Amino acid sequence: MKAFRVLPDAERLDIRFEQFHLQKSAWLPMRAFYALLRTLAGSAAFLFILAGCMLTYEVSARYLFVAPTIWAAELSQLCLIWGCMIGMPWLLKANQHIAVDALTIRLGDTAQRVCRVLAMSAIALFSAVVAWKGGEIFLDSFVRGRTTGSMLDLPTWISELAIPVGFALLFVQAVIELGSAFGRRDLEGGVAS
């Protein structure tokens with residue numbers, strides 16, 4: 001039996017650069033973007049855990065000690081909003097979004113690729129529109145100084161900023177996936193599907 005040697009990320013990327021006949025410097029922004037996505041995915045996971053801890057504390061404080069907090073519900077909502085938004089691009093990169101493929105799995109390779117191009121185009125267009133409009137809403141709230149009106153009274157722009165940030169990153173990843181759908185190899189995971 002032949003032993004396989006696992007290549008470090010940098011060495012695997014070097015091999016792929018040679019396959020593309022491109023200079024390594026052309027891929028540095030892509031490598032930095034993927035590193036950002038991995039960091040944001042880890043941050044999103046931490047935010048979900050943090051939200052769970054805050055809600056557990058809130059329920060315990062409210063029902064066991066009859067001492068509800070003014071911060072747990074609102075801060076956990078912020079964690080959930082930011083976690084969802086910054087986790088989206090990594091999920092698209094890892095092909096972990098919910099996909100209904102009952103029909104497309106029966107299609108040939110070319111038809112599947114066309115479906116992937118159409119899906120990524122729709123995601124890119126939708127993401128661009130949401131990022132743009134979300135940016136307008138964020139800017140309006142920031143300029144006007146809107147707050148949540150709750151007991152914690154946080155500025156609303158803190159949660160609203162997650163929308164343009166998350167969808168802008170999703171737009172970039174959808175464009176990368178579009179390039180992969182046209183037959184290029186993916187930087188991190190072999191042949192793009």
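The values are calculated or read from the model by the stated rules, or taken from the named source; none is laboratory data. Treat the numbers as computed from the prediction; the structure is a model and nothing was measured. Positions of Cβ are backbone-derived with ideal geometry, glycine not excepted, and every protein chain shown enters the neighbour counts. Areas reflect the complete protein model, heavy atoms only, side chains present, ligands, DNA and RNA absent. Shrake-Rupley method; radii C 1.70, N 1.55, O 1.52, S 1.80 Å.
So here's what we get for this one:
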quantity: Every pair of residues 6+ apart whose Cβ atoms lie under 7 Å, when the first sits in region 86-104 and is over 20 Å from residue 161 (Cα atoms) while the second is open to solvent by less than 30 Å² (accessible area, probe 1.4 Å) and of a type in the set (D, E, K, R); calculated: 92/177
quantity: Which numbered condition residue 3 fails, given (1) at pLDDT below 90; (2) assigned to a helix (DSSP H, G or I); calculated: (2)
quantity: Identity of the residue in region 139-155, of a type outside the set (Gly, Ala, Ser) and in contact (Cβ under 8 Å) with a residue 60 or more places away in the chain, that ends up least open to solvent (accessible area, probe 1.4 Å); calculated: 154
quantity: Qualifying positions in region 49-72 - surrounded by 16 or more Cβ atoms within 10 Å (Cβ to Cβ) and hydrophobic (A, V, I, L, M, F, W, C); calculated: 50, 51, 54, 55, 72
quantity: Every residue from region 156-180 that is of a type outside the set (A, V, I, L, M, F, W, C), open to solvent by less than 30 Å² (accessible area, probe 1.4 Å) and over 17 Å from residue 44 (Cβ atoms); calculated: 156, 177, 179, 180
quantity: Any hit, region 115-138, residues being hydroxyl-bearing (Ser, Thr, Tyr) and crowded, with 16+ Cβ neighbours inside 10 Å; calculated: yes
quantity: Pair list, Cβ < 8 Å and 6+ apart or interchain, from region 55-69 residues that are under 20 Å from residue 79 (Cα atoms) and without any contact (Cβ under 8 Å) to a residue 24 or more places away in the chain to residues that are small (Gly, Ala, Ser) and in a loop (DSSP other than H, G, I, E, B); calculated: 61/67
